[in-house]
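Taking it in order: structure first as structure tokens, then the write-up.
The values are calculated or read from the model by the stated rules, or taken from the named source; none is laboratory data. Note that the coordinates shown come from a computational prediction; the quantities given were computed from them, not determined experimentally. Ideal geometry is used to build each Cβ from the backbone, glycine not excepted, and the neighbour counts take in all protein chains shown. What goes into the accessible areas is simple: the full protein's heavy atoms, side chains included, and nothing from ligands, DNA or RNA. Shrake-Rupley method; radii C 1.70, N 1.55, O 1.52, S 1.80 Å.
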Amino acid sequence: MKITSTKESSTLADLLTKKGVSRRDFLKFCSAMTATLALPVNYFERVVKAVEQTKKPVLVWLEFQDCAGNTESLLRASTPSISEVVLDVLSVDYHETIMSAAGRQAEEALAMATAEPGSYLVVVEGSIPTKDRGVYCTIGGRTALDIAQEICGNAMATITCGTCSAYGGIPAAAPNPTGAIGVAEAVPGITVINLPGCPMNVTNLTATVVHFLTFGQLPLTDNFGRPLFAYGSRIHDDCERRAHFDAGQFVEAWGDEAHRAGWCLYKMGCKGPATSHNCPVTRWNDQTNWPIGAGHGCVGCSEPNFWDTMTPIYRRLPNVPGLSVEWTADQVGMVVAGAVAGGFALHGLGSFIRNRVEPIERTEVEVGEE
Amino acid sequence: MSVQVAEEKSIEKTGRVYIWEIPVRLTHWTNVACIIILSFTGYYIGNPYISVSPREFYGTYFMGLMRFIHMATAYIFVGSLVVRTYWAFIGGNQWASWRALVPFFTPEGRGKLLNTILYYFFLRRHPPTTLGHNALAGFTYGFIVLLYFTQVLTGFALYGQSDPGGLWWNLTSWLFIFVSNQMVRLIHHLVMWLLIAFAVHHVYSAWLVDTEEANGLMSSIFSGWKFIVPESSESKAKQKVSHQQPDKPGEK
């Protein structure tokens, strides 16, 4: 599957030269991508060749029920810088937030970019509401569900950016008033790869595209449709504070000495042990930092239904279903164990009284009963 | 059949019968030790109540040590379950059989189950005479075995996450498709408390039946031998009488 564009004929290498991007910066970008994809170092040349010979792949960016957080994440990309991503590497022909066209012109741009089925990639941001025939998100008079079925259904592949488009995300949190679902569920049977996260990490988006350019297929995924290169290991296992966990050194309260010393946030409800993502390695905002590095525990945003299953954010364990939020699992457990102990203490008392009232006559045992 | 007759004769002579074979007793006490160790280390892993200062004498690997003990003990516990499962299906005697865990499958078992419940609610003076597990105990152990397997599955699923693509990950990662990661933790945690509650009940009930029925229940899990009730030490006078009447119907 070679990606060709209907509109551009010059290769990416030409474009980059024209834009004044140095060969050195280009190679740095390719080596970063090779590393992100966890490819052996001898794949470097192949990645370089694939990326530089690529003609601009057409990419449309659909935005549904969301906060534009993934767009924000994209705009803060530095390798490649935003201009390189948007204008050179990817031909983003349709992106509601950053394109200059509006109204009918914008819809025309989308129709043109997606005119030829199987010729373009789609990035989807935001969940798709399905309740009440999908009226909770409409663009140009069409529902998100309708648009997704057409555009994603005809695409070469769909990349979902962020937890909303992957699994429904925050709009799908209980009680899910709009019946929000992810793309894979809304348009069954299409080729889709999930890049969840709140927001997704743009390094992983770029690397997924580079993988597609280099090998002509999407990277291997896990049980939740997430690429293994980015979601193949747990945050907890790659965490820079892991040594404090193993040592038994924990932050007990926000701002205490342990917190200032950068100890483990496990007791503050960090969901790193329950979350698969490469945040500790790729980091955010030009690889500057990431939540745990900034002293806040992981909230598990790249896991399905994280808003319902990872809360309370600042407690280690979820609430026991059906009980008030004031009850912790340990309190429930102690009450159960205590009630059993109390119950049998009463039973013991009862047995004692009975033995006084009606002493045991061993000879009266009903032997024949069995 | 002849073996059974011989057994019954031996019971009549001595008043005692060999119930719990060595693997049963061995796995029982292995489970006791494992559950105690797993509960203490597991509770620490879930809620590390000791925060270690780097200057303290037990070094800088306290959680690591707790987790190591927890995982190593978990393997021993699984080994014990494997042995006991084998003994319940293939190797063991009638009292070790899995059938004792599902008394409700037979009308006789259902009757005993009801009568044992009546006994616990003071509505009956004595529980039905039983040699192995009484019906209610067997039923409870069946539930406890389910809890054991729940702990093994959830525990190894959580453990396997640290090694994606490894053995335990391959065997257990399907679980997270159906149950969220945090819910798996909650289940693992709550089942620990259920097992602690069970331990309270287990020791109390064993003591109750041992004292009231004088059948050597408590010592049987050490020695393997139980005493049948009519020939217990507290009715020696009666015992003499029964020896003079050898034709009395079999006291099983």
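Listing for the model above:
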| quantity | calculated |
| --- | --- |
| Output for the stretch B:151-175, where each listed residue is more than 7 Å from chain A (Cβ to nearest Cβ) and touching a Pro at 6+ places or on another chain (Cβ under 9 Å) | B:Leu158 |
| Which listed residue is open to solvent by less than 70 Å² (accessible area, probe 1.4 Å) and within 8 Å of chain B (Cβ to nearest Cβ), from A:Met310, A:Met334 | A:Met310 |
| Test: residue in the stretch B:17-38 that is assigned to a helix (DSSP H, G or I), closer than 22 Å to B:Ser80 by Cα and at the interface with chain A (Cβ under 10 Å from one of its Cβ atoms) | no |
| Which listed residue is away from chain B (no Cβ under 12 Å), open to solvent by less than 50 Å² (accessible area, probe 1.4 Å) and modelled with pLDDT of 90 or more, from A:Pro273, A:Pro304, A:Pro280 | A:Pro280 |
| Conditions (1) open to solvent by 60 Å² or more (accessible area, probe 1.4 Å); (2) at pLDDT 80 or above; (3) outside any loop (DSSP other than H, G, I, E, B); number of the one not met by A:Thr17 | (2) |
| Subset of the stretch A:289-340 [outside any helix (DSSP H, G or I) and without any contact (Cβ under 8 Å) to a residue 12 or more places away in the chain] | A:Asn289, A:Trp290, A:Thr311, A:Pro318, A:Asn319, A:Pro321, A:Gly322, A:Leu323, A:Ser324, A:Glu326, A:Trp327 |
| Of residues in the stretch B:193-216 being among the polar types (S, T, N, Q) and more than 8 Å from chain A (Cβ to nearest Cβ), the one surrounded by the most Cβ atoms within 10 Å (Cβ to Cβ) | B:Asn215 |
| Enumeration of residues in the stretch B:116-150 that are in a helix (DSSP H, G or I) and under 21 Å from B:Gly216 (Cβ atoms) | B:Thr116, B:Tyr119, B:Tyr120, B:Ala135, B:Leu136, B:Ala137, B:Gly138, B:Thr140, B:Tyr141 |
| Flag for A:Pro177 being more than 21 Å from the chain's Cα centre (by Cα) and under 24 Å from A:Asp66 (Cα atoms) | yes |
| Residue in the stretch A:151-163 that is open to solvent by 30 Å² or more (accessible area, probe 1.4 Å), outside any loop (DSSP other than H, G, I, E, B), of a type outside the set (A, V, I, L, M) and without any contact (Cβ under 8 Å) to a residue 40 or more places away in the chain present | no |
| Residue check for A:Gly232: small (Gly, Ala, Ser), facing chain B (nearest Cβ under 9 Å) and under 17 Å from the mean Cα position of the chain (by Cα) | yes |
| Single residue of the stretch B:108-128 satisfying the filter (touching a helix residue (DSSP H, G or I) at 6+ places or on another chain (Cβ under 6 Å) and crowded, with 16+ Cβ neighbours inside 10 Å) that is nearest to the other protein chains (Cβ to nearest Cβ) | B:Pro128 |
| Residues satisfying the stated conditions in the stretch A:53-84, i.e. open to solvent by 40 Å² or more (accessible area, probe 1.4 Å) and either hydrophobic (A, V, I, L, M, F, W, C) or modelled with pLDDT of 80 or more (or both) | A:Asp66, A:Cys67, A:Glu72, A:Leu75, A:Ile82 |
| The stretch A:320-338: number of residues that are closer than 16 Å to A:Met310 by Cα and either touching a His at 6+ places or on another chain (Cβ under 6 Å) or at pLDDT below 80 (or both) | 2 |
| Residue match in the stretch A:141-149 (condition: in a helix (DSSP H, G or I), open to solvent by 10 Å² or more (accessible area, probe 1.4 Å), in contact with a helix residue (DSSP H, G or I) (Cβ under 6 Å, 6 or more places away or on another chain) and at negative phi) | yes |
| Residues that are open to solvent by less than 20 Å² (accessible area, probe 1.4 Å) and either among the hydroxyl-bearing types (Ser, Thr, Tyr) or more than 8 Å from chain B (Cβ to nearest Cβ) (or both), drawn from the stretch A:237-261 | A:Val251 |
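Per-residue answers, yes or no, for (1) open to solvent by less than 30 Å² (accessible area, probe 1.4 Å); (2) closer than 14 Å to B:Ser39 by Cα; (3) in contact (Cβ under 8 Å) with a residue 24 or more places away in the chain:
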site: B:Gly155; (1), (2), (3): yes, yes, yes
site: B:Asn170; (1), (2), (3): no, no, no
site: B:Gln182; (1), (2), (3): yes, no, no
site: B:Val191; (1), (2), (3): yes, yes, yes
